[in-house]
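Here the structure comes first, spelled out in C-alpha cells, and everything after it is commentary.
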Number of protein chains: 2
Amino acid sequence: MLDAKDPIGRLIGELSRLPGVGEKTAARLAYHILRQPKALARNLANALNDVCDKVRLCSICQNLTADDPCFYCSDAKRDPAVVCVVESVQALRAIDRTNEFRGRFHVLHGALSPLDGIGPDDLHIGELMTRLKSGEVREVICALNPTIEGDATTLYLQRLVAPLGIRLTRLAHGVAVGSDLEYTDQATLVRALSGRREV
Amino acid sequence: MLDAKDPIGRLIGELSRLPGVGEKTAARLAYHILRQPKALARNLANALNDVCDKVRLCSICQNLTADDPCFYCSDAKRDPAVVCVVESVQALRAIDRTNEFRGRFHVLHGALSPLDGIGPDDLHIGELMTRLKSGEVREVICALNPTIEGDATTLYLQRLVAPLGIRLTRLAHGVAVGSDLEYTDQATLVRALSGRREV
C-alpha cells in the first residue's frame, strides 16, 4: 500500500538511502517527522536544498564551503607557508578543533586505493601541486589516515614534493593519550618505539 | 567555524533534531550527502516538503494519508462493520501487513496516560464515537499496545462502547510464536495460561 506514489512511502524510501538507515529506521524517522510540527521537515528540506545550492569546493584548498575562497584560505592570520594535507573535510575539522594548527589546509577527498580503483587523478593532487609550485609553501604536513591507503598516498606525495625542495612531514604515530599499553595494538607499539624521543 | 549561518553547519543541526541522531551521526550523514550526487539531497528535500504539503489525517479513520478518505476507508472490499482501533499508524501498518484483517481501522494517535498529561480529549476518541453512533459498526477490535496505557485505553473504550450494544474485543495475549517459554516473562505466561484454549 505504501508505494512510491504515496508521499510517506517516498519519504521512507529517500530516508533509507542514508548510510546506516534501514527501512525500519527510515519508517521510524518518517513517522517521527510526521508527528512533529511541520517546521522540522521544512527546515530540514531547506537545509538540504541550501547545501545543494551553495556548497562547493574551495578553489584553493578543495574544502567544502559556501564562500570561495573558504574560511581557512581567506583567514589572513593563517600561515600560507604551511599546508596540512587531509583526506576529508571531517579530518580537516578534527585538526582545526585542536586549535594547535595555524596553517592552511588541502583536502584530497580520498586516498590512493588501487583495489577500489582510486588513482592519483581521482584525488585533488593536481590542485595541490599547483599551490606548491607557486613558491609560497615551505612545509607540507601529511595528515592522512594511518592506513595502507593513507600511507601509500603519503609516499606518493613524497615523490612529487621532494623535487620541489619543500619539507614534507607526517603526523607522529604512537600510543594514544589516555590509552592503555596492554590494549595497544602491536603495529602502534612498534611505531611508538621506533619514534621514541628524549625526555 | 561551523555556525548556524554555514549551510553545512545548518544541515548538521537540522539532522541532529531527528530521533537517535546525535551531532556526530548528523555530521556523518551531512558529509555523506555532500559526497553523493545532488539528486540524493534534492529528492529527500522534495519528499520532506511533499509530506508537509500533502499528508493529513483521514477524516474518517484519522490515518495519515495524502488522499481523503484514505486507502483503507475508500476500499469497498473492506468490511465497514468491523473497526480495528490502534494507537499509531505504525500499528495500523503492522496489522495490515498480516493480510488477515479485512475490516476498517481507527487511529487514536496515542493512548491514555495521565502521568504524561494525555487524556481522552488528546486522542481521536470523539471521531471514533461518531463513527460508532452511525450504526454501521458491529464490532470494535482494540488492538492497543499491551502496556498500562494501552490497557487503560481499552477499559476506557469499553465504558463508552458498551452502552451502544457494539461488541468490543481485544487482541489475544499469550506466548509469541517462535519464542521460548524459558525466557517468556511472567505476566505474559499468566495471560497465556488464563487464556488457554481447547486443542
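The table below gives the values:
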item	result
Only one of B:G126, B:G178, B:G195 that is among the small types (G, A, S) and assigned by TED's automatic domain parsing to the domain that holds B:A111	B:G126
Filtered residue count, segment B:54-94, keeping only those that are β-branched (V, I, T) and in contact (Cβ under 8 Å) with a residue 40 or more places away in the chain	5
All positions within segment A:63-88 that are open to solvent by 20 Å² or more (accessible area, probe 1.4 Å), part of a strand (DSSP E or B) and farther than 19 Å from B:R10 by Cα	A:D79, A:P80, A:V82
Helices (runs of 4 or more DSSP H) completely within segment B:89-193 that count 1 or more residues being within 14 Å of another protein chain (Cβ to nearest Cβ) and open to solvent by 60 Å² or more (accessible area, probe 1.4 Å)	B:89-97
Complete set of residues in segment A:63-88 that are over 18 Å from the mean Cα position of the chain (by Cα), within 13 Å of chain B (Cβ to nearest Cβ) and of a type outside the set (D, E, K, R)	A:S74
Selected residue (criterion: farthest from A:I33 (Cα to Cα)) from residues of segment B:5-27 that are among the charged types (D, E, K, R) and within 7 Å of chain A (Cβ to nearest Cβ)	B:D6
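The values are calculated or read from the model by the stated rules, or taken from the named source; none is laboratory data. Bear in mind the structure is a predicted one, so any value in this text is a computation, not a measurement. Quick reminder, even Gly has a Cβ in these numbers, built from the backbone with ideal geometry, and neighbours come from all protein chains shown. The area values use the complete protein model at the heavy-atom level, side chains included, leaving out ligands, DNA and RNA. Shrake-Rupley method; radii C 1.70, N 1.55, O 1.52, S 1.80 Å.
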